[in-house]
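Below is one structure, written out as structure tokens; the observations come after it.
The values are calculated or read from the model by the stated rules, or taken from the named source; none is laboratory data. Only a predicted model underlies this, so the values are computations on that prediction, with no experimental measurement involved. No Cβ is skipped: glycine too gets one built from the backbone with ideal geometry, and neighbour counts run over all protein chains shown. Areas reflect the complete protein model, heavy atoms only, side chains present, ligands, DNA and RNA absent. Shrake-Rupley method; radii C 1.70, N 1.55, O 1.52, S 1.80 Å.
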Amino acid sequence: MSKLAAGLAAVVLALSACASGEAQPDDAEISATVFAAASLSAPFEEIAADTDVNFSFDGSSGLVDQIAGGAPADVFASADQRNMVGAVEQGLIAGEPTMFATNYLVLVTPAGNPAGVTGMDASLEDAKLVVCAPEVPCGGATERLAETLGLALSPVSEETSVTNVLGKITSGEGDVGLVYLTDATGAGDAVEIIGIPEAEGDPNTYWIAAVEGGDTEQAQAFIDLVMDSPDVLAGYGFGSA
Amino acid sequence: MHRFPRWAWAPFALGLALLAVPLLGMMARVPWGELPALLTSERALDALTLSLGTCLIATCLVLLLGVPLALVLARSRGWWVSVVRTLVTVPMVLPPVVAGLALLVTFGRRGLIGASLSAWGVEIGFTTIAVVIAQTFVALPFLVTSLEGALKSSGEQYERVASNLGASPSRIFWKVTLPIALPAIASGTALSFARALGEFGATLTFAGSLQGVTRTLPLEIYLLRETDSDLALALSLVLIVVALAIVFVSTKIQNWRRDG
């Protein structure tokens, strides 16, 4: 029995040794661990190119779950207000969240617009429309937009993420999709963008905050870096806060 | 008497804990009191009916295509046999999202076959047919590989005797080969059904996600996780129970085959 216990202890020690490979903070550089919404991956990687920042990109609600479960984050950047509020309510945030960027929905069609979509109007009725499911942030924004316009949308698919919507359009499977301008910009020539004035008037907001229990000094250094980089964010289609 | 070294117990315990604790943890979080109400909600019923219906059709297709496929593979000689066997096995180890992409570029609107179908007015994307195709694609290899192995190990002596007695190949198949292979077919079918039921990545990539049309149980669970984790856990429990039942039945059949 003691042999068994000793064996178990050895395995546990070996496992914990594997897990403790974390970098020590370096005064000269920013080395925060940043949990950020997937849509921020391109601008954040560029902003942090010269630092030691570690990123984990995922859906905002998934990230809140991970932080609540004890994941070692210093900074949380959310793609909508709802998830940041959720994080604050769960006591996961140190200090006040800051709004740092905006984004709004646009229509995208495959190159050439084969279904002849003209905007958020009757032209959608004969087209295969792909949207986000109401459960995810982009779907919530889609629902609000449809309500504002008094339109009853009849999508052929409600996808689990905005990238899945975009994929259905770039592959030509769907005729038209509702995605964020940033995603549409990232898709380049594969899609055509049709703007929606009503969506621009009610943008989705991006929030950033230090995580409770994390390294707040490092966190603030990264947040300052983001706030000082509106040009990078604009280059990817984000609006200023 | 020592049949294995005593230190094997340590990794045994760790391995068992790794596999069993998450399942038990899930059981602890399932909202048992609300289970009946949750599972009879419209969303849950839509996902359950869709998953069950598509999996039954997919499993029938797997049987219709898989049994002859395994038979030809098991009874043929030549360089092409191993090539075909590799092709048939690949979907089993393919990441599901890659399977979905492969199906998309084949049956999608601009795909190899889909483009011609589209010209005839047939479009598979976003339909329940796409779900069935994805499930069949990922489940078929499970039946073929397990049945081919069984057919090879059972040998051909009975078929040879029947042939010498003047039976036609078709008659031999129905009266000799099929009855001998029945346990292997049954356990292979059970595994295929389980794989079809769990299909997620290929469906998401290829078929889309709409309640009652393409949103099967795994897709619904993935989506509900965002907002309604109680219902997500309740539906997960359904999949776990079905998985346990299938593995139990399949193991029983295999033991019976070995003993009998």
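Summary table
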{"item": "Listed residues B:Pro96, B:Ile113, B:Val72: farthest to the positive end of the dipole of region B:29-144 (Cβ charges)", "result": "B:Val72"}
{"item": "In degrees, nearest ten, helix A:2-19 long axis to first principal axis of chain A (Cα)", "result": "50"}
{"item": "Ranked by how many other beta carbons lie within 10 Å on average, peptides A:47-53, B:231-237, B:32-38 from highest", "result": "B:231-237, A:47-53, B:32-38"}
{"item": "Area hidden from solvent between A and B (accessible, protein heavy atoms only, 1.4 Å, total, Å²)", "result": "2300"}
{"item": "Relative contact order (percent, whole number), chain B, Cα cutoff 8 Å, 6+ residue spacing", "result": "29"}
{"item": "Of the trypsin sites (Lys or Arg not before Pro) in region B:45-98, those whose Cβ has at most 14 other Cβ within 10 Å and which sit in DSSP loop", "result": "B:Arg77"}
{"item": "DSSP-defined beta bridges in the protein assembly as shown - what % are antiparallel, rounded to 5", "result": "60"}
{"item": "Protection proxy ranking of B:244-251, A:171-178, B:14-21 - average other beta-carbon atoms within 10 Å, highest first", "result": "A:171-178, B:244-251, B:14-21"}
{"item": "Protein accessible area in the protein assembly as shown, 1.4 Å probe - carbon and sulfur %", "result": "63"}
{"item": "Spacing of the two label points (7 Å from each Cα toward its C-beta) at A:Glu89 and B:Trp7, in nm", "result": "5.3"}
{"item": "Helical mean residue ellipticity (222 nm; -39500 (n - 2.57) per DSSP H run of 4+; nearest 500) of chain A", "result": "-11000 deg cm²/dmol"}
{"item": "Spherically averaged projected area in nm², based on the convex hull that wraps the Cα atoms of the protein assembly as shown", "result": "32.0"}
{"item": "Structure-based [θ]222 nm, chain B - -39500 (n - 2.57) summed over DSSP H runs of at least 4, per residue, nearest 500", "result": "-25000 deg cm²/dmol"}
{"item": "Within 10 Å of each Cβ in B:206-217, the average number of Cβ atoms from other chains", "result": "4"}
{"item": "Projected label distance in nm at A:Ala146 and A:Arg82, using a 7 Å step from Cα toward the beta-carbon", "result": "1.4"}
{"item": "Neighbouring partner chain Cβ atoms per residue of B:224-233, average, 10 Å criterion", "result": "3"}
{"item": "Neighbour-limited loop hits for chymotrypsin sites (Phe, Trp or Tyr not before Pro), region B:60-160 (at most 13 other Cβ within 10 Å; DSSP other than H, G, I, E, B)", "result": "B:Trp120"}
{"item": "Assigned charges on the beta-carbon of Lys, Arg, Asp, Glu; the protein assembly as shown dipole about Cα centre (debye)", "result": "4560"}
{"item": "Loop trypsin sites (Lys or Arg not before Pro), region B:1-41 (other Cβ atoms within 10 Å of the site Cβ: 12 or fewer; DSSP)", "result": "B:Arg3"}
{"item": "Occluded residues from region A:167-192, i.e. those whose accessible area drops by 40 Å² or more once the chain is not alone (1.4 Å probe)", "result": "A:Lys168, A:Ser171, A:Glu173"}
{"item": "Neighbouring partner chain Cβ atoms per residue of A:152-159, average, 10 Å criterion", "result": "4"}
{"item": "Projected area averaged over orientations for region B:33-259, convex hull of C-alpha atoms, nm²", "result": "15.4"}
{"item": "The protein assembly as shown - accessible surface per residue (Å², probe 1.4 Å)", "result": "50"}
{"item": "Hull shadow area, averaged, region A:105-201 [alpha-carbon convex hull, nm²]", "result": "5.2"}
